[in-house]
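Quick notes on the structure that follows.
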Amino acid sequence: MNSTCDAIRWLLQDEIVSELRHISPVTWSMLEKVENHVKQSEDHPSCFSRHVRLQFVYGAEQSLELFVKEFERINLPEYLLNNVETYYYLTRYFAKLHFFRRETNVSALI
């Protein structure tokens with residue numbers, strides 16, 4: 001019974017987090033909710049995430065600021081890299097009839 005309740009709670013939380021991508025503007029608390037859900041979903045069979053530790057030749061103290069500047073300059077076709085405080089996420093642009101419509105779609109978190 002407990003495992004069924006836990007599964008239902010997880011599915012409900014997954015739906016809530018999924019719907020956040022349709023809300024604008026994206027806030028720090030929304031991104032934190034997504035991050036926490038991803039962390040809590042590590043062992044869920046339909047979820048995949050990978051934690052990548054950044055390693056710098058000259059150490060984070062000297063290299064992190066330069067890395068962030070270069071990271072923010074990344075150009076991905078059809079996507080825009082956004083920053084809200086300590087989070088980065090991608091939004092996707094769709095070209096339609098001479099205008100761009102911004103669809104808030106949280107595709108990646110850092």
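Each value in this text was obtained by applying a stated rule to the coordinates, not by laboratory testing. Computed from a predicted model, the values in this text were never measured in an experiment. No Cβ is skipped: glycine too gets one built from the backbone with ideal geometry, and neighbour counts run over all protein chains shown.
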Review point. Using 7 Å Cα-to-Cβ label points, what is the S18/S63 separation (nm, one decimal)?
Key: 3.9
Review point. In what order do Y58, Y87 fall by count of nearby beta-carbon atoms within 10 Å, going from fewest to most?
Key: Y58, Y87
Study note, to complete from the structure: Per residue, the convex hull enclosing the alpha carbons of the range 2-103 has a volume in Å³ of 153
Review point. Over the Cα atoms of the range 1-43, what Rg and Dmax result, in angstrom?
Key: 11.6, 38
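Could you tell me the calculated FRET efficiency between A7 and S49, based on Cβ-Cβ distance and R0 = 25 angstrom, to the nearest 0.05?
0.85
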Exercise for review: Please arrange R50, R92, R9 by counting, for each residue, the other beta carbons lying within 10 Å of its beta carbon, fewest first.
Suggested key: R50, R9, R92
Practice item. Rank the residues H51, H44, H37, H22 as a footprinting-exposure proxy: fewest other Cβ atoms within 10 Å of their Cβ go first. Key: H51, H22, H44, H37
